[in-house]
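Readers should treat all values here as calculations from the given coordinates under stated rules, not as data from a laboratory. Everything numeric in this text was worked out from a predicted model, so none of it was measured. Note: ideal-geometry Cβ built from the backbone for every residue, glycine included; neighbour counts use all protein chains shown.
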DNA sequence: CACATTACTTTGTCTGTCAAGGTACTATGG
DNA sequence: CCATAGTACCTTGACAGACAAAGTAATGTG
């Protein structure tokens, strides 16, 4: 392969990724772990240690709250719920990501916004379906 | 503003950014510093300490080589030149960035590739200029 | 009955960024 | 003539996030 997502490229995004999963509804650690792998199309695994570290951080910042599930049988599950503050934090982080993408495209690829480029290519060259 | 590029969002990209500047030709520390600010459209400043740390790292990995300029008057300047290895490293890093962008768009925005989306919108809704 | 899976968690290490501090020279306005 | 800003280089130490490694404990399966 050769093309992977390094630790450094993911850094600073884990909180946002977790909050995004919780926007779909309450969930617990191990399920969130699996959902992230699935969401990425099996391209990325957020390690468990990273995940639980992030839970502590997000709880402390009141972006999420936790409660134990009432599983009578089987192992206990700790559920997490997105708070209003967490929702706001997510919204701001998505804006930051979109902004960072544009700036990094300039700095790495000397590119304008990729959407704009796609548009320009279309308007100049007409629509070619593959 | 509120929308800025945090340390964590840039982490892992500084080497690539520097190598990209050097693709345009040899340059020295302070000039590279200024060029990066300009390239970003004054949206991002790569701090000098970070820059010089990166130079040491990139030299050690043989991605760049350095030599003193022959300024007879004025302060001395240390120039950096991109090596073949550095060029390869840059090429791989851009692939990684493009890949990471796609995966992160899925994980943060639940989105497919933004280019694909732009295309889909166009094909469905027709071309609306602004 | 061993092994995989579910489910939770902590500790210590590593690495990149950058604030803070430093040196030295040049140009400019008061 | 001197203070200040700008050019140009550099190092050290602090900090924070990711994660390997290690652990607990239950359930399911071959």
Original post:
For residue B:42 and residue A:38, what does the FRET efficiency come to when R0 = 41 Å and r is the distance between their Cβ atoms, rounded to the nearest 0.05?
Top reply: 0.55
Original post:
Given a Förster radius of 25 Å and the C-beta distance between residue B:7 and residue B:71 as r, what FRET efficiency does 1/(1 + (r/R0)^6) yield to the nearest 0.05?
Top reply: 0.15
Original post:
What is the Rg over Rh value, at two decimals, for the stretch A:1-69, using alpha-carbon atoms and the Kirkwood definition of Rh?
Top reply: 0.97
**OP:** List the distances, in nm to one decimal, from the label point of residue B:4 to the label points of the same position in every other copy, shortest first, placing each label point 7 Å from Cα along the Cα-to-Cβ direction.
**Re:** 3.4
Original post:
Any idea what the residue B:81 label distances to the other copies are, label 7 Å down the Cα→Cβ vector, nm, shortest first?
Top reply: 6.5
Original post:
Relative to the other copies, what are the label-point distances for residue B:109, with labels 7 Å from Cα along the C-beta vector, expressed in nm at one decimal and sorted shortest first?
Top reply: 1.2
